[in-house]
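Colleague: Before we start, here is the structure in question, set down as structure tokens.
Derivation of every value follows stated rules applied to the coordinates shown; laboratory data play no part. In this text, all values refer to a predicted model and were calculated from it rather than measured experimentally. Heads up, the Cβs are rebuilt from the backbone with ideal geometry, glycines too, and the neighbour counts pull from every protein chain shown.
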Amino acid sequence: MQSTKKLIGICFGHQLIVQSLGGVVYKSPKGWGVGLTQSEVYKTEPWMIPLAKSFKLPVIHQDQVIELPKDATVIAGNPFCPYSVVTYGGSVLTFQGHPEHKKTYTQALMLRRKDVMEETMFSAGLRSLDDDSDAQLVAKWVVNFLEE
């Protein structure tokens, strides 16, 4: 995807962009991804200042990317969600996680959907919100990417 305009996709936006570019998105057989999840950085880019080997973001999703489109580059992921951060041609950056969410908002969303989640997954996700989020770091990366 070549463009002089920059585009950011978050959660459903991440999934929508992947699918529109030829990738595949499905309801994960692993169940819900909820709480604060850590992703490992596989590839660093110039806009990723300050550098980090991993980061934690709030997530709440059942669908996720299972196959990338051609020319996509995986920036970060984890065993539950291997494609949690992806770029396309230097003009598009997408995240499965939510750098814009406060942990309290993620908790409220989880509580509203508790009845559709498996109890152990829900409880573990709720406990994970006690950890520190790296949302400010990721927000800085987004700004750096947009200003690049």
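Colleague: For every other residue with a beta carbon closer than 12 angstrom to the beta carbon of Glu148, add +1 if it is Lys or Arg and -1 if Asp or Glu, then tell me the sum.
Modeller: So the environment of Glu148 carries a net charge of -1.
Colleague: With +1 assigned to the C-beta of every Lys and Arg and -1 to the C-beta of every Asp and Glu, and no other charges, what is the dipole magnitude of the chain about the Cα centre in debye, to the nearest 20?
Modeller: The dipole of the chain has a size of about 160 debye.
Colleague: Can you give the convex hull volume per residue for the Cα atoms of the chain, as a whole number of Å³?
Modeller: 101
Colleague: Would you please give the FRET efficiency between Thr44 and Arg113, computed as 1/(1 + (r/R0)^6) with r the Cβ-Cβ distance and R0 = 30 Å, to the nearest 0.05?
Modeller: 0.30
Colleague: Another question about this same structure. Too long at a 20 Å Cα-Cα cut-off: which of Lys30/Lys103; Lys27/Lys53; Lys53/Lys140?
Modeller: Lys30/Lys103; Lys27/Lys53
Colleague: Please compute the length gained on full extension between Leu7 and Leu51, using 0.36 nm multiplied by the number of residues separating them and subtracting their Cα-Cα distance.
Modeller: Length gained, Leu7 through Leu51: 13.7 nm.
Colleague: Stretched out fully, how many nm does the piece from Thr73 to Ser20 gain, at 0.36 nm a residue minus the Cα gap?
Modeller: Extending this stretch completely gives an extra 17.5 nm.
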